[in-house]
Structures are given as C-alpha cells and as structure tokens.
Amino acid sequence: MELFLQTLIGGLLIGGLYAIIGIGMTLIMGVLGIINLAHGQIMMVGMYLAWLFWMAFGLDPYLSLFLAVPLVFLLGIFLSKYLLYPLIEKDSILPENQVLMTVGIGMVLVELARFIFSSDYRSVKTSYSDKTIMLGNISLSWPLVIAFVIAILLTLGLFWLLIKTDLGRSIRATAQDRDAATLMGISSKRITILTYGIGSGLVGAAGILLLPIYYLFPDVGPIFTVKAFVITILGGLGSPIGAIAGGIVLGIAETFGATYISMGYRDAVGLVIFLLVLVFLPGGLKQIFKI
Amino acid sequence: MKFTKILIGLIAVGLMFSLNSCGKKETGPIKIGVLLPLTGHQANFGTMEKNSYELAKEEINAKGGINGRKLEFVYEDDTGKPDVGRSAAEKLINVDKVPMIAGGYSSSVTFAAAAVAQQYRTPFLVNTGSVDKITQPEDFNLTVNDGDKFYIYRMNPPVSEYASGLESLLSEVVKPKSVYIIHENTAFGTKGAKSFAKTAKKLGIEVLGQQQYSAGTVDFKPLLLNAKKANPDMVYMISYVMDAALLMKQAREINFTTPKLYVGAGAGFTMPAFKENAGKASDHVVSATLWHQTLPIKGAKEYYDNYVKKYGGDGPDYHGAEAYSAAYVVADVLTRCKGDYSKETIKKALDNTDMMTVFGPVKFVSYGKKIHQNKMKTYVVQWINGELKLVWPKNLANAKFEYPIDWKKVWAE
C-alpha cells in the first residue's frame, strides 16, 4: 500500500510538470498547426538561463522564473517572428516544412549551448534540493512539490488568460479557425507570434522547475520534446485541458510501469499508451472532455 | 612509325607518373581516425577523451612525431548512437582514408563501428567500449584462430572483468550476504549486470533483484523503493554519470541507509561530474576503476597534472588515461611501421605491441573466447571527503577504506 501510494503521488507530481511541458506544445499546435520539435530545446535554453543567474548572482531558480521566463518568451517571439511566421505565411510552403524549420531551430539552439557552455553536466544546488517531506512513510521531494504547486498556478494563470482576456479569446479563435478569426479583425500574425512566445515561456518555466531535481546539458531537450509530443497526442491536438490530463496520465503511467513492471520499460509504457490512444481514441483525451 | 611514337609517348607518360609517386616523399602529417561521442548524452566522457588524445598528440609531436612526420587525429562524432557510429567509421575509412581508427566509447557504438572496421579491414584500437563481444571473433563470424583476419584490438578490459578488483574487497572485508543490482538498459549495463550476478554467485552473495532503467530518467524512486524493500547488504550500480548522481541523490532522499555499501561499476561513478552533481550523496560511494593517478605507474601523475594544467577542472579519471595511452600506443605502432603506413603493416605492428603506458602495460593477447585483448588489473576507489581515493588493493591504496559506513551520519546535513 505504501509503495502504491508513493508511486501514485510520485507520478502525480511528475505529471504536473509534464502537463505544463505539454500545454506549451499543444497551444503552438493549435494556433500554428505544427508540431514544435524545438520544444525541449527551448526548455533547455530556459534551464541554462536559470543556471546562469544562479551561478552569477546566486539567484534562486524559483525567483529566476521571473527573469528567465520573460527572456525565453522573447526568444520564442523572435523565433516565430523571423523564422517560423515567414514560412507559415506562404501557402506554397507545406506545413511539413515548417516542422523541419523547428527541427533546425532545435539543432542550432543545442549547438549554440554546446559552444557557449560545453558539454559538461550542470546542476543547481540549493538548500532545498535534497530536502524531502515525510508523510508517514511516503517521501516527497520538496522541489518536486514546489514545482507541482507552481505548475498549477501557471496553468490557472494560463486558463485565466485564455478564457477571460481579449488576447486569450483571440488565441482560441485563431486556433479554431484562422480565416474566420482574421475576418473578425484579429491579426493572426500577432496571435501566431505571441502564441509561440507563450508556449516557449511555459516550457522554459517547466525546465526551470525541473532544474533543482534534474540536471542540465546541451542535449537535455530531445527527451522532453518526445514527452511533449506524446502528451499532446494523448490529450488531443490543441487542447490545453487534454494536455493537462495527458501529462498527468503519462506521469502516473510511467511511474507505475517503473515500479510494478520494470524501470527499463518506463518509456515503453508511455509509448504503449500513446499507441492505444491513437488506435482507440484517435482524438485524444479531449474526446472525453469535449473541450 | 606513328604507332611507335605513341607507344614511346605512353611509356614516357607512364614513367613520369611512376617516378612521381616513387620520388615524392610523404612529409605531411599521418592521419589517424578517432571515434568519440562529442555531442549527446555521453559527450562529457567523449570530451575528456578527446582532450587526452590532444594532450598526447602535442607531446608526441613536440618530441619529433612519427619517424619525422607529425601525428594528426581526425575526430568523428558518434553522438552516442550506434547508427551514427557506423556511418562515422565509414566516413573515417572511406572519405578521410585513415589507415587506422582509435577511440570507441560506448559499448553499443563501438561494436557497431567495429563491424565496419572489420569489413574494411582497418585496424581499430578500442580504448573504452567494454562489452565482451567486441574482442570475440565469433561475434564477427570468425574463430579465435583467425587473428590474422581480425582487425579489432582493445586496451581496456572487457566489462565482465571490471569488478575483478572488487571481488577480493568483498570477500575479505565487506562480506555482504546479498546484493541488489541496478543497471542501465544498454549493452554495457546489461552485460555488466549479468557478469556481476555471476561473480556474486561465485562469492556466495545472493542476488535479491536486478532492475534496469533507461538513461536520462528523472525519477529513480520507484526503482530505489523496490531495492529498499528487498533490504540488500549492498547495492551495485552500472550507470553513466548523471544517472549515477541522481541514483545516489535520490537514495539519500528516501533514506535508503540499510546497505553496507553502495558500489558503482566504474563508468559514471569515477567521473568528477558525479561528485559535483551528487554533492554530499556521493560521499563514501565505492566504485570499481581501471586506473587512478596515484598508481605506481610511470607518468600517471604527470599526465593527471598536465591535464589539469591544460584543461582545468577536476582532472581526468580512467577514461582520460585510456585515451591518452591509446594515443601513445598509436604513436608506438606507427613508429614501428617504419614508413609503410598501410593497414596490414599497422595490424602486424599492433600484434607485436608490448609497451608501457600511463594506463599500465599494453599487450594484446588471446584467452578464452577473446583475442587481441589487453589484460589488466582493476582497482577499487572510494569518494572520501570529495576526493576519489584508491582504497584497494591494500598495498597500492593511498587512503584507508572507510568502512563500516553509517549512511545516516554521512548523509546528514
């Protein structure tokens, strides 16, 4: 029972992080209509920024959220404005080729990071990095709990943005029907660029939340690009609620697989679920929630 | 008449060409290929090895190079993936036209590249790739008697022998009754775990469980909790560097204080990055190793110091020493080729290698199913107060083996 609870809670906490990684990708998917294969790499940039602030000024990673996330947001804006949007604008360029552009962006980011920071592994050591909370016999990693709480706050903030604000409504409208939205007077260019920025900022934040418990090196991204991709498909393309459900399902499934089957099949468990969803629920979890 | 003229002309042209190729003495550098993971998950190791190759190259060239010519290494990045390793080896052989390849870090990549080297009959001096089959001709459709057709040579011991130095420590000092094995699900990890399970059986240690994981895992707690439930006397781990750091960090987080000993099987556990990233959780962890800078080997300490002077940081572990020595083996082999740097001559010279390096003596011998395998001892190191100390065998140790270990105290803030 203890092992079961520990596994469940561990999975849930990781799932919370997966969720915000996934939401960023699903937003981009919804509005730009492409899978952002540079997602994990953008996360890596966020992690390096937080690490830099920590190295240089001793800034706590959670505080550097306020500094690093806006920078990653600006990076996203830059990438989408000058690299992605020009491709989206042209009908003759197929969406597949826009996806290739994100692959290229990812590669450049990784090699730039390698050039600047070398391939060394980095990690941020804070006073609470190794702290655990014991609930009975269940140990919870303190940074993971904080990360989970911040992830929830970020998600709530995002939903407030999407539901209550003009910008959010424009984003949802563009995701639903780009042409109709344009006809209603929404600048689809501005929305496209902003959405990529927001998606980047979110995944950057996820990276920073992960930093105290994980480690950092230039190639850290691809693992999470794949995770984000799986979550996006699990949740249903373009659905933020689906991405949250997808992230948590993936987190819990992986952890249970790791505990009760074998750790070696951790990724396999995620991918099997991915296949099952594709076969039996092609629209993803959003088919269940209808959002 | 006309015909004779043409004939004479042709002969003249032919002569010119042949004279040209005979008379022109090659003076450019001798290029040798080096296959390493310079990007990707294992880049940390690859970079250390590349630095060591470069360090050795500079020293060799400063001393006059190879028979008056300079030595040059052509690096090719295998990114830690077998398929990329294959094409990288093909590029080295077919495009760069190197007569010999060195390097080879991860087991899976090295084995894939070895198949290419074997196919093109190009000598391949492996310095780290450690899965047993790399020097077993039967895995290349040859027999142990086909030494003249087998182009793979290996400096480091195979993974099944990594723990040999550890055996006596376990049987004489620690005497554990049970072990829990945690390993990465790669060729290196799986084979290492298998052979350690065999060793454990031989020593009368019960294997309570054997669990694998895939590299880059964030949360090792499910695995560690299973291990904790089994309550072993000893935990044996085969991991690359950051997985190793996370394993120890999270073992500390879940208060897994019952094992007498945490043992790593080399690879990640001896790297400076392990200590840096695991912090306190790395303390008192024991690991098998192939080399330590304080071993009584001529040049070992100098190499270590020169490396630190040139590249800074915490200095190399056995991976660097392997690479540095491999460069010297390459230089020695080429020097003995006496100007004929063809693949066959190099292979013959490799067969006759018998030299001393900072990594220990290097000589390629046959035993069991293996041929062209360098035989060597392995040692045991322990992290004591943030420094990697050689603790076993006793007569070579530079620090006392810290044992028994009270993990609660060691891990306390």
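Screening B:Lys201 on (1) within 13 Å of chain A (Cβ to nearest Cβ); (2) out of contact with any helix residue (DSSP H, G or I) (no Cβ under 8 Å at 6 or more places or on another chain); (3) basic (Lys, Arg) shows it passes everything except condition (1).
Looking at the stretch B:326-360 only, could you name the residues that are part of a helix (DSSP H, G or I) and over 16 Å from B:Phe124 (Cβ atoms)? Matches in the stretch B:326-360: B:Tyr328, B:Ala331, B:Asp332, B:Thr335, B:Arg336.
Quick one: would you say A:Val277 is surrounded by fewer than 24 Cβ atoms within 10 Å (Cβ to Cβ), within 20 Å of B:Gln211 (Cβ to Cβ) and more than 14 Å from chain B (Cβ to nearest Cβ)? Give the derivation first.
Numbers: surrounded by fewer than 24 Cβ atoms within 10 Å (Cβ to Cβ): yes; within 20 Å of B:Gln211 (Cβ to Cβ): no; more than 14 Å from chain B (Cβ to nearest Cβ): yes.
No, not satisfied.
Which one is nearest to the other protein chains (Cβ to nearest Cβ) among residues in the stretch B:228-245 that are within 25 Å of A:Ala253 (Cβ to Cβ) and touching a helix residue (DSSP H, G or I) at 6+ places or on another chain (Cβ under 8 Å)? Top of the filtered list is B:Met242. Restricting to the stretch B:183-204, and then to whatever is surrounded by 20 or more Cβ atoms within 10 Å (Cβ to Cβ) and touching a His at 6+ places or on another chain (Cβ under 7 Å), can you tell me which residue is nearest to B:Gly80 (Cα to Cα)? Applying the filter and picking the extreme gives B:Gly189. Any chance the stretch B:281-289 includes a residue that's within 12 Å of chain A (Cβ to nearest Cβ), buried (at least 24 other Cβ atoms within 10 Å of the Cβ) and among the hydroxyl-bearing types (Ser, Thr, Tyr)? Within the stretch B:281-289, not a single residue is within 12 Å of chain A (Cβ to nearest Cβ), buried (at least 24 other Cβ atoms within 10 Å of the Cβ) and among the hydroxyl-bearing types (Ser, Thr, Tyr). Scanning the stretch B:50-70 for residues that are surrounded by fewer than 21 Cβ atoms within 10 Å (Cβ to Cβ) and touching a Leu at 6+ places or on another chain (Cβ under 7 Å), we see that the one that is farthest from B:Gly320 (Cα to Cα) is B:Gly65. Just wondering, is there one or more residues in the stretch A:262-273 that are closer than 23 Å to B:Val241 by Cα, modelled with pLDDT under 90 and among the basic types (Lys, Arg)? So far as the stretch A:262-273 goes, yes, one or more of its residues are closer than 23 Å to B:Val241 by Cα, modelled with pLDDT under 90 and among the basic types (Lys, Arg). Considering only residues that are under 18 Å from B:Gly189 (Cβ atoms) and more than 7 Å from chain B (Cβ to nearest Cβ), which ones fall in the stretch A:249-267? Within the stretch A:249-267, A:Ile261, A:Tyr265 meet the criteria.
Based on what the data block shows, is B:Val179 more than 14 Å from chain A (Cβ to nearest Cβ), under 20 Å from B:Thr257 (Cα atoms) and crowded, with 24+ Cβ neighbours inside 10 Å? So B:Val179 passes the test. Of the set (1) more than 17 Å from the chain's Cα centre (by Cα); (2) within 14 Å of chain B (Cβ to nearest Cβ); (3) surrounded by 23 or more Cβ atoms within 10 Å (Cβ to Cβ), all apply to A:Thr192 but (2). Look at the stretch A:4-26: where a residue is closer than 18 Å to A:Gly204 by Cβ and a partner is of a type in the set (Lys, Arg), sitting 6+ places away or on another chain with Cβ atoms under 8 Å, you get A:Tyr18/A:Lys227; A:Ile21/A:Lys227; A:Gly22/A:Lys227. From the list B:Val159, B:Val144, B:Val207, B:Val174, the one residue that fits, being more than 12 Å from chain A (Cβ to nearest Cβ), crowded, with 24+ Cβ neighbours inside 10 Å and aliphatic (A, V, I, L, M), is B:Val159. Just name the residue that is nearest to the other protein chains (Cβ to nearest Cβ) out of those in the stretch B:210-223 that are among the aliphatic types (A, V, I, L, M) and surrounded by fewer than 24 Cβ atoms within 10 Å (Cβ to Cβ). In this case the residue turns out to be B:Val218. Among helices (runs of 4 or more DSSP H) entirely within the stretch A:32-130, having at least 3 residues that are buried (at least 17 other Cβ atoms within 10 Å of the Cβ) and within 14 Å of chain B (Cβ to nearest Cβ) singles out A:39-57, A:95-117. B:Val263: crowded, with 22+ Cβ neighbours inside 10 Å and of a type in the set (A, V, I, L, M, F, W, C), yes or no? Here the answer is yes, as B:Val263 does meet what is asked.
Within the stretch A:179-189, one or more residues are away from chain B (no Cβ under 14 Å) and in contact (Cβ under 8 Å) with a residue 24 or more places away in the chain.
The values are calculated or read from the model by the stated rules, or taken from the named source; none is laboratory data. Because the structure is a prediction, the values reported are computed rather than measured. In this analysis, Cβ positions are derived from the backbone assuming ideal geometry, glycine residues included, and neighbour counts consider all displayed protein chains.
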